1. Which shape class applies to the stretch 303-478: rounded if a/c is under 1.5, otherwise prolate when a/b exceeds b/c and oblate if not, where a ≥ b ≥ c are the square roots of the Cα gyration tensor eigenvalues?
2. May I ask you to list the lysines whose Cα is less than 16 Å away from that of residue 72, ignoring any residue fewer than eight positions away on the same chain?
3. Just add up the charged neighbours of residue 43: K/R +1, D/E -1, any other residue whose Cβ is under 13 Å from the Cβ of residue 43.
4. Using the alpha-carbon centroid of each, what span in Å lies between the stretch 428-457 and the stretch 51-100?
5. List the pair-distance distribution P(r) of the stretch 1-63, using every Cα-Cα distance, as the percent of pairs falling in each 5 Å bin from 0 up to the bin containing the longest distance, rounded to whole percents.
6. Using amide H atoms built 1.01 Å from N in the peptide plane, name the residues 5+ places from residue 42, or on other chains, whose amide H lies under 5 Å from its own.
7. Just to confirm the number: angle between the C-alpha axis of helix 317-330 and the first principal axis of the chain, 0 to 90 degrees, nearest 10?
8. Can you tell me, using C-alpha contacts under 8 Å and at least 6 residues apart, the relative contact order of the stretch 303-478 as a whole percent?
Amino acid sequence: MEVVASAPGKVLVAGGYLVLERPNPGLVLSTTARFYAIVRPIHDELSPGSWAWAWADVKVTSPQLSREAAYKLSIKNSTLQLTSARESANPFVEQAIQFSIAAAKVSIADKEKKDALDKLLLRGLNITILGSNDFYSYRKQIEARGLPLTPEVLLSLPPFCSITFNSEVANGTGEICKPEVAKTGLGSSAAMTASVVAALLHYLGAVNLSCSGQSSSDTATGQDFDFVHAVAQSAHCLAQGKIGSGFDVSAAVYGSQRYTRFSPEILSSAQVIGGSCLPDVVADIVTRRWDHEKTQFSLPPLMCLLLGEPGTGGSSTPSMVGSVKQWQKSDPQKSADTWSKLGMANSVLENQLRSLSKLSEDHWDAYESVVLSCSRLTFMKWTEVATNQQQELVAKSLLAARDAFLEIRLHMREMGMAAGVPIEPELQTQLLDATMNMEGVLLAGVPGAGGFDAVFSVTLGEASRAVANAWSSVGVLPLLVREDSRGVSLEAGDPRTEEVSTAVSSIQIS
Ligand SMILES: Nc1ncnc2c1ncn2[C@@H]1O[C@H](COP(=O)(O)OP(=O)(O)O)[C@@H](O)[C@H]1O
Ligand SMILES: C[C@@](O)(CCOP(=O)(O)OP(=O)(O)O)CC(=O)O
């Protein structure tokens, strides 16, 4: 018996910083970049007498990191003890395993089923973790080999490539920092945690994800998904050592959405885990009333999400959040004013994108013809393409969405300036302005907390190709990631065997 579950990476297109405070929403798109967790037993059968054992074996393999970790699992406490080298540890995976097993035990009341669960655990857990190439940056390797910064080069990489590390850097104290995986900013830890939790909870019979279907609207309200979310969110916060807004975990579980954060008090028991035992903490967490809100939201038809890596270096979200919070304290009036303007602009953007989705449902022909015509024109000519009332509505909404986004960027820049952090750095501003002035471009911005990470664009029709070419020519690497509104999903099998048949694998770059 083998269970394979996957969860997507995210792009926060609007609501950065504000989403940290309830009830401000964030608009988050889930992506085609996915993490996969494969769970199978280590032993095919339970050896006689082993039912009385107190410990089970757990093996976690990360082929891309060439890493294998071995643990002993306490059947009574659901806790793990690392038995392999310390370097093999992975806090996100460890918390995901411990929380999932404890949660599965809490969710199963029936004595016979509890015994069956213990027997399954005693057969050991063999967990394999794989992340799509899209989560990792290959820019440096591409440049080092003198290859062009094009999506075609990325496409030629074998799937689930081994991961390269940023070079070790001294941190000023003479200490050598731990090398960090070079990332593209799609929320690898959240997607990885969600995939492990989903696969384990399904494997242990605590949830049934088999009917997860293809559309996120089928799954978004399911109790099973709420259970996966509560467990994944708690494990992720504990491993991360901080409570962010949680939009990344929510997108990994439910897919694209309008997200309002959970009240951080829900995790108060998880924070004091040092004192209380894990099963009690998990019993508390899964019975809490989780108050996060996720409403259906995704890009309207014929729109495309494109990401690019400018390669100007990464940024640290926690320190940027710290600076913004500091500014809120030191200048409450001005910061409240900027937040209120940002909140309004975010809401206009959301409403315009919603009305575009609605127009596409109600008046498809008008919608299609305007969007496709606009995809070949710069925004200044967009009103000219409308020849009837419905078409005019579509063109007006496109322009209103664009204006709202320009306003968002303006206030994000203001916020960055006031807080002393480069939320939309000057170099990015030039790139984003140039992109937003191209034919068929609706939006171009810095996702999430902003900074020097990836940039994104939302384009119309086939315009993404020209944008990708333009980005390549100015040294911005267009990524292969697109929007995919699906959250957690059960897979038919090991993604490596599925992808082998389709992959166009020519050059080895790692
Ligand atoms: N393919 C992989 N297999 C196992 N662990 C991985 C893999 N890719 C990333 N990780 C782990 O995921 C974590 C990423 O966490 P973090 O740096 O917080 O990233 P993010 O900001 O993307 O969430 C790290 O602990 C890293 O070791
Ligand atoms: C500032 C934020 O509101 C958004 C940060 O979004 P990013 O997408 O930049 O996040 P990371 O993947 O953690 O770097 C913080 C939050 O909501 O937790």
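1. Oblate shape, in that a/c is at least 1.5 and b/c is the bigger or equal ratio.
2. In chain and number order, the partners are 59, 119.
3. Net charge around residue 43: +1.
4. 41 Å
5. P(r) over the stretch 1-63, rounded to whole percents: 4, 12, 13, 13, 11, 10, 9, 9, 8, 7, 4, 1.
6. Here 124, 125, 126 satisfy the definition.
7. It works out to around 70 degrees.
8. Computed value for the stretch 303-478: 37 percent relative contact order.
Here, each number is a calculation from the coordinates, and none is a lab measurement. Computed from a predicted structure; not experimentally measured. Every residue, glycine as well, gets a Cβ built from its backbone with ideal geometry; the counts of neighbours run over all protein chains shown.
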